[in-house]
Amino acid sequence: LYDPTRLINLDRKTGKIKWEITPGRLFEDFEGGIFTGVPIIKEGKVYIVVRTMAQQLGSDYLVAIDLQDGHIVWQQYLASSAVGRGSYWLPNIQPMWYEGELFVTSPLGCIASLDARSGLVNWLRVMSPEPDSFRFTEPKVWAYNIPLMTSSGLITFTPDQHAIVVLDPFSGKTN
């Protein structure tokens, strides 16, 4: 089993490893996949995006992992797109948690809202991805497209990062 990334939960007091998991050990179809972005920890769960590659097709999934024992609570498919021979140049993804909902923008072609408890999709906007546009730019491992909740609505980049949109957080419609 080859998985290039791993998620580790350390005991806060002792620094010892409580659990360690790779995408492939979470779910067989994630073998060879990567964790992308920074995990969010809320209400006893760890939320993070898993990106997989198969036949030059990249796919993003949002997963919830139990903070205590490291088992997968739920997984939700987000989007897929042709990405050529690798996806290392694609931007990292970090979901945003707000009042029991997770908001995420995938460079593979969607902006979505999910129920943090169940993983069910509240709404999902499919938008044209341009993964090749990222291929010829220097990857910025420190750069994240993190949606932002404001009084005007949910503000985020489009999946291709060519524009900024303001969406109604309840419906996903453009404000």
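Per residue, the chain exposes 54 Å² of solvent-accessible protein surface, assessed with a 1.4 angstrom probe and all protein chains in place. Considering helices alone, the calculated mean residue ellipticity of the chain at 222 nm is -1000 deg cm²/dmol, with DSSP H runs of length four and up weighted by -39500 (n - 2.57) and normalised per residue.
Which of the GluC sites (Glu not before Pro) found in segment 2-45 are in a DSSP loop and have at most 11 neighbouring Cβ atoms, other than their own, within 10 Å? Within segment 2-45, the qualifying GluC sites (Glu not before Pro) (loop, at most 11 other Cβ atoms within 10 Å) are GLU43. Within the shell of other residues whose beta carbon sits under 12 angstrom from the beta carbon of ILE8, the net charge comes to +1, with Lys and Arg scored +1 and Asp and Glu -1.
Other residues lying with their Cβ under 11 Å from the Cβ of GLN68 contribute a combined charge of 0, Lys and Arg counting +1, Asp and Glu -1. Let me confirm the definition first: pairs of Lys residues in the chain, 8 or more apart or on different chains, C-alpha distance under 28 Å. How many are there? Close lysine pairs found across the chain: 9.
With semi-axes defined as the square roots of five times the eigenvalues of the C-alpha gyration tensor, the equivalent ellipsoid of the chain measures 25, 21, 14 Å, largest first.
Surface composition of segment 1-128: carbon and sulfur atoms hold 49% of the protein heavy-atom accessible area at a 1.4 Å probe.
The values are calculated or read from the model by the stated rules, or taken from the named source; none is laboratory data. Source: prediction; values computed, not measured. So basically every Cβ, Gly included, is an ideal-geometry build from the backbone, and we count neighbours across all protein chains shown. Surface areas here come from the heavy atoms of the whole protein model, side chains and all, with no ligands, DNA or RNA. Shrake-Rupley method; radii C 1.70, N 1.55, O 1.52, S 1.80 Å.
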